[in-house]
1. GLY183 fails exactly one of the following numbered conditions: (1) in contact with a Leu (Cβ under 7 Å, 6 or more places away or on another chain); (2) over 30 Å from ARG103 (Cα atoms). What is the number of that condition?
2. If you go through the range 140-153 one residue at a time, how many are in contact (Cβ under 8 Å) with a residue 40 or more places away in the chain and surrounded by 20 or more Cβ atoms within 10 Å (Cβ to Cβ)?
3. Name the residues in the range 200-218 that are of a type in the set (A, V, I, L, M), surrounded by 14 or more Cβ atoms within 10 Å (Cβ to Cβ) and over 18 Å from GLY137 (Cβ atoms), would you?
4. Out of everything in the range 1-33 that is modelled with pLDDT under 95, assigned to a helix (DSSP H, G or I) and acidic (Asp, Glu), what residue ends up being nearest to SER81 (Cα to Cα)?
5. Tell me, which residue of the range 237-257 that is of a type in the set (Val, Ile, Thr) and touching a residue at least 24 places away in the same chain (Cβ under 8 Å) is nearest to PRO164 (Cα to Cα)?
6. Please list, ordered by first then second residue, the pairs with beta carbon atoms under 9 Å, 6 or more apart or interchain, first in the range 97-109 and among the polar types (S, T, N, Q), second crowded, with 22+ Cβ neighbours inside 10 Å and not in a helix (DSSP H, G or I).
7. Condition check: assigned to a helix (DSSP H, G or I) and under 30 Å from GLN167 (Cβ atoms). Does VAL190 satisfy that?
Amino acid sequence: MDVNEMMSSYSDWCYGIAAGAYVVAMLFYLYEQAFGQRRRAAVRERELVGAGGPTETVDEPAEPEIQRNGRAERVGKLAVSLTVFGVLLHFTSLVLRGLATGRAPWGNMYEFGALLCLVAVGTWLVVLRKYPVRHLGVWVLLPVIVLMFVGGVLLYTTAAPVQPALQSYWLVIHVFTIATGSGMVLVPGVVSALYLLKVRKPAWATRLPDANVLDQVAYRTTVFAFPIYTAGIIFGAVWAEESWGRFWGWDPKETVAFVAWVVYAAYLHSRATAGWRGGRAAVINVVGFAAMIFNLFFINLVTTGLHSYAGV
């Protein structure tokens, strides 16, 4: 099938603009994190005064303080709007890529990474509707931007039909579920790392949300991501049996994917049975996320195996 070069170009443009929107949104999130704490500090001070706590003489009037915080609030909301705008362009990029090639737009490393990042940002937007952690967007978007830069610059592949071995409906099912599960766990991976920093209480960590909030965000997001990732592994085993005559062969990518699955299963099991909370659970979650990143880059780009032909 011939590739529609115009749609392919439009897809690349949308991808680049989406990445740019994420960069600007990340800077806006950073602004809110840096300057949006003043109101909270002022509120705590007023609560202390109301409770009979010590008072301090402040030379600066209260009104400019509130205005500065209001500006940070508006910048934070603008950051969310830019994130939504980036997601729409990101999604359009994948749709155009699929229309240009006449196949599912996740047949190589560049496209897989684009889908993974799209799911990660989409997951973050869902988290924002549930938890007041908007200013953490800088930490979530940072790895997404890095992954999109690596994909767009170092791993970019010209739009083309996939190899015959990948021309299967399992490409749609297996790769989509694996990318979705992998993208979703990016959020709890980042949040768990922030939790570990929060409990160690460096000076800047006071601007992070409460540790219990971080713990809940990481746990509940992983609960949703784990079944999807599990389904992706099962679908991959079925596809392997159909293509290679065996369900499992301990290929490097299969092995590390299974290791990551075991780590996340241990994370959920430890919380459900042993009642682990906080630091120990966060460490396990970060280890699982590290295994996913290792599988994405080192296994695909350095080692050789049955999965190495997938656009690498």
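1. (2)
2. Residues meeting the conditions: 5.
3. Within the range 200-218, ALA211 is the sole residue that qualifies.
4. Among those that are modelled with pLDDT under 95, assigned to a helix (DSSP H, G or I) and acidic (Asp, Glu), it is GLU32.
5. VAL238
6. Close Cβ pairs (under 9 Å, with a partner that is crowded, with 22+ Cβ neighbours inside 10 Å and not in a helix (DSSP H, G or I)) amount to THR101/GLY107; THR101/ALA159.
7. no
For (1) within 30 Å of PRO132 (Cα to Cα); (2) not hydrophobic (A, V, I, L, M, F, W, C), each residue gets a yes or a no:
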site: LEU214; (1), (2): yes, no
site: ALA225; (1), (2): yes, no
site: ILE233; (1), (2): no, no
site: VAL238; (1), (2): no, no
site: GLU241; (1), (2): no, yes
site: TRP248; (1), (2): no, no
site: ALA260; (1), (2): yes, no
site: VAL263; (1), (2): yes, no
site: ARG271; (1), (2): yes, yes
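The values are calculated or read from the model by the stated rules, or taken from the named source; none is laboratory data. Not measured: the values here are computed from a predicted model. Because the Cβ atoms are built from the backbone with ideal geometry, glycine has one as well, and the counts that use them run over all protein chains shown.
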